[in-house]
Amino acid sequence: MFALAHLSDLHLAARPRLRELPGKRGLGFINWHSGRKKVHRPEVLDAITRDLKARTPDHIAVTGDLVNLSLPEEYARARAWLHTLGPGSAVTVTLGNHDLYVPGAARLPAEFWGDYMRGDDDAEPGAFPFVRRRGPVALIVLSSALPTAPLLATGRLGETQLSRLTAALAASEGLFRVVLIHHPPVNHIKRHLRRLTDARAFRRVLAERGAELVLHGHDHRRSLIWLEGPRRTIPVVGVPSASALAPSGRAHAGGFNLFHISGKPGAWHCEVITRTYGADGRIRELEGETLC
Ligand SMILES: [Fe+2]
């Protein structure tokens, strides 16, 4: 039995300096103060982190938006939090749109979180996609993050990543292949400004090559959809924000997902449970789902 924990979208914030405020970060800062800072609470993240560690998962996946405005101090805070989760060998990170909020931040994720963003081939940190083998699991890690214009939170994989994804899925056949990405692979009209622009091409690769599981964040919701695969449908599971105090709008209260994976090729078994932050400050477990 292999236990894989998944959390996402903590949105750790820091106070920007005046010179950092013009442009997109300024709008983001107003947005933070007018609402988001009441939603993403350190005490929730602390409770979620403690509860997750108490489950002693074999590996932890973090699917982006660790920070809020891509400020250096935010990356440092996120690194300190990652260290509380575990070493780079036990925790895998991919990036969300807030982790590359502005073009000037391009190098910062690898600088601060390099050990968490490196494949088993020891290539440069942040060379997406990268692959990590852990027990029966192959983690195939994509980055859909790119700096966008203000008010946009779109993502893109691009042709190079998609062709490397195709190769990685083929090379990992026989393992329990888990694809990590920040943006969900299916777009809704209501989320047009937050969509994955090449979602259709991504789904085409999955339909051709297959995967055992796709994990994403971005929506701050617990969700499960199924995508077409070559032999069987592929479960796609979204996770709430790890720091959300309570439900707001379409978003759910903070939480994380825990997957229990067992079996062998052709006869995998995988169950997911969600542990979520309650109004009384306690973590409770939602009813689990069998995915395969
Ligand atoms: Fe996001």
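The values are calculated or read from the model by the stated rules, or taken from the named source; none is laboratory data. Just so it is clear, the structure is predicted and the values come from calculations on it, not from any experiment. We place every Cβ from the backbone using ideal geometry, glycine too, and count neighbours over all the protein chains shown.
Which count do you get for residues in the stretch 198-247 that are within 14 Å of the ligand (Cβ to nearest atom) and in a loop (DSSP other than H, G, I, E, B)?
10
Out of curiosity, is G238 under 30 Å from E208 (Cα atoms), surrounded by fewer than 16 Cβ atoms within 10 Å (Cβ to Cβ) and at pLDDT 95 or above?
On the way: under 30 Å from E208 (Cα atoms): yes; surrounded by fewer than 16 Cβ atoms within 10 Å (Cβ to Cβ): no; at pLDDT 95 or above: yes.
Considered against the rule, which asks whether it is under 30 Å from E208 (Cα atoms), surrounded by fewer than 16 Cβ atoms within 10 Å (Cβ to Cβ) and at pLDDT 95 or above, G238 comes out as no.
Anything in the stretch 1-49 that is of a type in the set (S, T, Y) and touching a residue at least 24 places away in the same chain (Cβ under 8 Å)? List them, or say none.
Filtering the stretch 1-49 down to residues of a type in the set (S, T, Y) leaves 8, 34, 49.
Those that are of a type in the set (S, T, Y) and touching a residue at least 24 places away in the same chain (Cβ under 8 Å): S8, T49.
Restricted to the stretch 152-177, and to residues that are within 16 Å of the ligand (Cβ to nearest atom) and not in a strand (DSSP E or B), which residue is nearest to A138 (Cα to Cα)? If you could, list the steps in order and put the result at the bottom.
Looking only at the stretch 152-177, we keep the residues that are within 16 Å of the ligand (Cβ to nearest atom), and these are 152-157.
After this cut, where a residue has to be not in a strand (DSSP E or B) as well, the list is 152-154, 156-157.
On the way: L152: 32, A153: 28, T154: 27, R156: 22, L157: 19 Å.
Only one residue fits best here, namely L157.
Among L151, L139, which is surrounded by fewer than 20 Cβ atoms within 10 Å (Cβ to Cβ) and in contact (Cβ under 8 Å) with a residue 60 or more places away in the chain?
Values: L139 fails: surrounded by fewer than 20 Cβ atoms within 10 Å (Cβ to Cβ).
None of the other options fit; the residue is L151.
State all residues of the stretch 180-194 that are away from the ligand (no atom under 12 Å from the Cβ) and part of a helix (DSSP H, G or I); if no residue qualifies, say none.
Let us first name the residues in the stretch 180-194 that are away from the ligand (no atom under 12 Å from the Cβ), namely 180, 185-190, 192.
Those that are away from the ligand (no atom under 12 Å from the Cβ) and part of a helix (DSSP H, G or I): I189, K190, H192.
Any residue at all in the stretch 223-230 that's under 28 Å from P136 (Cβ atoms), more than 12 Å from the chain's Cα centre (by Cα) and of a type in the set (D, E)? Let's see the steps before the verdict.
Our first condition is that a residue be under 28 Å from P136 (Cβ atoms); within the stretch 223-230, this holds for 223-230.
Then keep just the ones that are more than 12 Å from the chain's Cα centre (by Cα); that gives 223-230.
From what's left, of a type in the set (D, E): 228.
Yes; the residues of the stretch 223-230 include at least one that is under 28 Å from P136 (Cβ atoms), more than 12 Å from the chain's Cα centre (by Cα) and of a type in the set (D, E).
Scan the stretch 218-234 and give yes if some residue there is in contact with an Asp or Glu (Cβ under 6 Å, 6 or more places away or on another chain) and crowded, with 22+ Cβ neighbours inside 10 Å, otherwise no. I'd like the intermediate steps shown before the answer.
Kept after step one, since they are in contact with an Asp or Glu (Cβ under 6 Å, 6 or more places away or on another chain), are these residues of the stretch 218-234: 220.
Checking the rest, the ones that are also crowded, with 22+ Cβ neighbours inside 10 Å come to 220.
There is at least one residue in the stretch 218-234 that is in contact with an Asp or Glu (Cβ under 6 Å, 6 or more places away or on another chain) and crowded, with 22+ Cβ neighbours inside 10 Å.
Any residue at all in the stretch 14-32 that is in contact with a Lys or Arg (Cβ under 8 Å, 6 or more places away or on another chain), within 16 Å of the ligand (Cβ to nearest atom) and closer than 18 Å to H182 by Cβ? Steps first, answer last, please.
Let us first name the residues in the stretch 14-32 that are in contact with a Lys or Arg (Cβ under 8 Å, 6 or more places away or on another chain), namely 14, 16.
Checking the rest, the ones that are also within 16 Å of the ligand (Cβ to nearest atom) come to none.
No, the conditions are met nowhere in the stretch 14-32.
Quick grid of which residues meet (1) farther than 25 Å from L146 by Cα; (2) out of contact with any helix residue (DSSP H, G or I) (no Cβ under 8 Å at 6 or more places or on another chain):
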site	(1), (2)
R191	no, yes
L196	no, no
F202	no, no
A211	no, no
G266	yes, yes
T274	yes, yes
A279	yes, yes
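Can S144 be described as small (G, A, S), in contact with a strand residue (DSSP E or B) (Cβ under 6 Å, 6 or more places away or on another chain) and under 27 Å from A267 (Cα atoms)?
Considered against the rule, which asks whether it is small (G, A, S), in contact with a strand residue (DSSP E or B) (Cβ under 6 Å, 6 or more places away or on another chain) and under 27 Å from A267 (Cα atoms), S144 comes out as no.
Being closer than 23 Å to A54 by Cα, of a type in the set (S, T, N, Q) and free of Cβ contacts under 8 Å to residues at least 40 places away in the same chain is the requirement here; does T290 meet it? Give the steps one after another, and end with the answer.
Details: closer than 23 Å to A54 by Cα: yes; of a type in the set (S, T, N, Q): yes; free of Cβ contacts under 8 Å to residues at least 40 places away in the same chain: yes.
For T290, the condition - closer than 23 Å to A54 by Cα, of a type in the set (S, T, N, Q) and free of Cβ contacts under 8 Å to residues at least 40 places away in the same chain - is met.
Assuming R36 fulfils every condition listed in (1) modelled with pLDDT under 90; (2) within 16 Å of G254 (Cα to Cα); (3) away from the ligand (no atom under 16 Å from the Cβ) apart from one, which condition is it?
Of the numbered conditions (1) modelled with pLDDT under 90; (2) within 16 Å of G254 (Cα to Cα); (3) away from the ligand (no atom under 16 Å from the Cβ), the odd one out for R36 is (3).
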